[in-house]
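Take a look at the structure set out below.
Only the coordinates and a few stated rules stand behind these numbers; no lab work does. Only a predicted model underlies this, so the values are computations on that prediction, with no experimental measurement involved. When we count neighbours, we look across all protein chains shown, and the Cβ atoms used for this are built from the backbone with ideal geometry, even at glycine.
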């Protein structure tokens, strides 16, 4: 019996190890490729280990090609759009979760938000392009901030709403009874209790903003407003694919969201699973 | 509250960053007002008199290497900053289309592949360079000027364009003509005809090499590889009246030559091979021959960092086919000035400076591919660029350009998809010809080219 259980356990571990390797290999190969030289990339048989840890591809991406500016743009757009999305999501979620809103209104708002999420970006990219041009925001970061906010608002609304539903109304009401204004109750009671929710939403929405390509490509024209993904895809040229620099770009692109995810993975998991069991 | 402070800090950083970036943006909003017009005039005059900036949309890759090298020189000579904004081939086209449709003034100069000229010429997106003081130079082959002229000075003209006056809308800055390469260490004599190309390929295949490396990836790549074969074998996509001829006997024979004869000597996966893969096979010494663009030579095939075939590869014009001629294909990259640019004269001044013989020589020394005959035949440049004299010869031949229709992208997609399907075994060469012809005929009819 014990022997059978041990065999099962070993088999399970081996299976998990195999699955882990399958998932980890692309990341490993990305990192390895980023350190290869052009002659290694041209080798008839590709190697799994670079001859040396050559940082030339990183230097080229960050400095020679000047993609640090694009990284800065990505950070600015990602942070701004995330903060805006959370602010607007709070403004929408607060009344439908904390005030006596009708079920119909609540359902309408949530369904409307959901419908925005199901809108394929390609369906609206041309109208957005026209609007952005008309209002004079073409090739400017605020254009991306506005569009990213709109597209990630549904996610923020649905995640926040799940959290806010879990916070008992009585806590806020106690503050009101003690003489706090509605704003003070929100600021000093609800907001601190929503920390986990805010952190989860920040990380997930930022990750989506960080990786967005289509709008960044269409709504920008020069490095003043282009984001990092737009730069990285430019490394596939007509006659050459600059694999090592693309890989270096990929590694750089992964670092920030991955670090955030590792730091706050517990909150993110909570954020993603909150409210999935029951509907309030 | 720590969270509150963190959020406030993040907000401040984001807003400050956004404000800084917006302020730095050269493409600030351009309302059609007197103030904007005055600002535009000031910018144009600043660029013209020195101290201004020209923004150039360029293709990413070896084609703009020389242009990037010239930027600091132009700044030193004229005081004008060149901001080169790169995009990959496909993305550059879509970016230019959307920019022109929006009448956006972000770009002062744009790099264009020559098959894009019909689209931009038909749409009236570009300024007449003749009116800005750019005229023909006898040291540059006529075909280089012709390919930048719209409507086209020879060959079939789209029905909607026949009444338009001819204007120079683009000037070649990358003298790109498709050539042929082969391993001269294996067969000292160059193949003079496609019959010899095939015979040599079969022999080298039997010896363990890839005989003919087919660039067969769907759409543009396979069409670029195929058109010189098609034309040299006597076929064509259209006749002089835009009637589709890709399914006539000569064209069918050319398609079967590619998908049957040459494929039998080719690498194992020709249907997914693009230029980068072809160059890798050639540079590694695993292939014998193929067509080649100048842009592939110094960055891959003969790149000292990677090549194993240094001094073993020769470059020649496209071999003769059954038509009795070897017909190369142009892929010239041109510079044009968008009508919406607010720095028209400054942009034209840059083109003129770039075409000067001394600039062209410096350009060639920095991996640029010039079009000036005296530079292409300059003995001091041929050691580093052994294909330059062949390119000069190919430009004078002259090579063919792809059919001058604004529907070319659609035609190329149809033909390239059907050829790729035949290469990957999904249909026969005859079926590829018939299927492509049916779709192209319907397209050209729907666009008013034929009855």
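Figures for the structure shown
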{"item": "Label-point separation, residue B:353 to residue A:14 (7 Å along Cα→Cβ), nm", "result": "7.0"}
{"item": "Centroid-to-centroid separation of segment A:1-21 and segment B:78-112 [C-alpha atoms, Å]", "result": "58"}
{"item": "GNM result for chain A, Cα springs below 10 Å: residue of A:153, A:17, A:199 fluctuating most strongly", "result": "A:17"}
{"item": "Peptide B:99-110 - average C-beta neighbours from other chains (10 Å radius)", "result": "2"}
{"item": "Separation of alpha-carbon centers, segment B:377-400 and segment A:71-87, rounded to whole Å", "result": "51"}
{"item": "Rounded, prolate or oblate (a/c below 1.5 giving rounded, otherwise prolate when a/b exceeds b/c) for chain A by Cα gyration tensor", "result": "oblate"}
{"item": "Relative contact order (%) - criterion: Cα under 8 Å, at least six apart; region: chain B", "result": "24"}
{"item": "Theoretical FRET efficiency, 1/(1+(r/R0)^6), r = Cβ-Cβ of residue B:192 and residue A:24, R0 56 Å, to 0.05", "result": "0.55"}
{"item": "Simple label model, 7 Å out from Cα along Cβ direction - residue B:160 to residue B:410, nm", "result": "1.0"}
{"item": "Mean residue ellipticity (222 nm) of the protein assembly as shown, computed from DSSP H runs ≥ 4 via -39,500 (n - 2.57), nearest 500", "result": "-17000 deg cm²/dmol"}
{"item": "Sites residue A:56 and residue B:71, calculated FRET efficiency, Cβ-Cβ separation with R0 22 Å, nearest 0.05", "result": "0.50"}
{"item": "Taking segment A:6-158 and dividing mean pair separation by its residue count, relative contact order in percent (alpha carbons under 8 Å, at least six apart)", "result": "25"}
{"item": "Cα-based Rg / Dmax (Å) for segment A:40-131", "result": "23.2, 69"}
{"item": "log₁₀ of I(q)/I(0) at q = 0.05, 0.06, 0.10 Å⁻¹ - the protein assembly as shown, Debye sum with one point per alpha carbon", "result": "-0.31, -0.45, -1.08"}
{"item": "Cα centroid of segment B:203-273 to Cα centroid of segment B:279-345, whole Å", "result": "17"}
{"item": "Pair residue A:48, residue B:377: separation of 7 Å Cα→Cβ label points (nm)", "result": "5.7"}
{"item": "P(r) tail fraction, segment A:2-54 - alpha-carbon pairs more than 13 Å apart, %", "result": "67"}
{"item": "Debye equation applied to the C-alpha atoms of segment B:166-279, log10 I(q)/I(0) at 0.14 Å⁻¹", "result": "-0.67"}
{"item": "Cα gyration tensor of segment B:256-387 - equivalent ellipsoid semi-axes, whole Å, descending", "result": "33, 19, 16"}
{"item": "Hydrodynamic radius (Kirkwood) for chain B, which is based on Cα pairs only, to one decimal in Å", "result": "23.4"}
